[in-house]
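Contents: one structure, followed by commentary.
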Amino acid sequence: MATSKTGRKKAAPKKSAKPVAAKKAAKKAPKKAAKQSTKKAVAKKSIGPERRIRDTCLALPEAHEVEAWGAPTYRVKNKLFAMYIPADNHHHTGRPAVWICSSHVEQDLVLRARPSVYFKPPYVGPSGWIGAYLDGQPPWMEIGELLREGYRRRAPKKLAALLGE
């Protein structure tokens, strides 16, 4: 033992419990990571339609959100390519939906293929836009592709090219 300036004896420093704690944490890490990945998968499935539309749209290059007409709209270079319609919005039938920029030909094909999921939205439907209901089990892969196509229609060529084919 060492002595201090006052003449008192100092106790020997205690050994740290950190190595033992680190070993225990290392053993638990794989289990904890597995639980977290499961939680993330469940959370991804259970996120609401508005959040899913927002995440999909804002992942596109230079896309941004603007609230207009009481609902979130998604734009590129301030050109509207999608609009989320909540169930309580006055624009529609009381079901959550998304309106997506499209062409008349694509609108016709999609509406004929799945009339229970897709519809011609008010106001913008005559311009070729597609509406998609988001309640129940919507076809998220198709909706995501329609959103990307709507983005491509409105985005400048350089930005649209960033998406690839």
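The values are calculated or read from the model by the stated rules, or taken from the named source; none is laboratory data. Since the structure is predicted, the reported quantities are computational estimates derived from the model, not experimental observations. Please note that ligands, DNA and RNA were not included when accessible areas were found on the heavy atoms of the full protein model with its side chains. Shrake-Rupley method; radii C 1.70, N 1.55, O 1.52, S 1.80 Å.
The table below lists the values:
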read-out: Chain lengthening between residue 112 and residue 161 when straightened (0.36 nm per residue, less Cα-Cα); value: 14.7 nm
read-out: Gain upon complete extension [residue 77, residue 62; 0.36 nm per residue less C-alpha separation]; value: 4.7 nm
read-out: Kirkwood hydrodynamic radius of the range 46-104, Cα pairs, Å; value: 11.8 Å
read-out: Whole-percent carbon and sulfur share, accessible surface of the range 87-165, 1.4 Å; value: 56 percent
read-out: Rg/Rh ratio calculated on Cα atoms of the range 71-150 (Kirkwood radius); value: 0.92
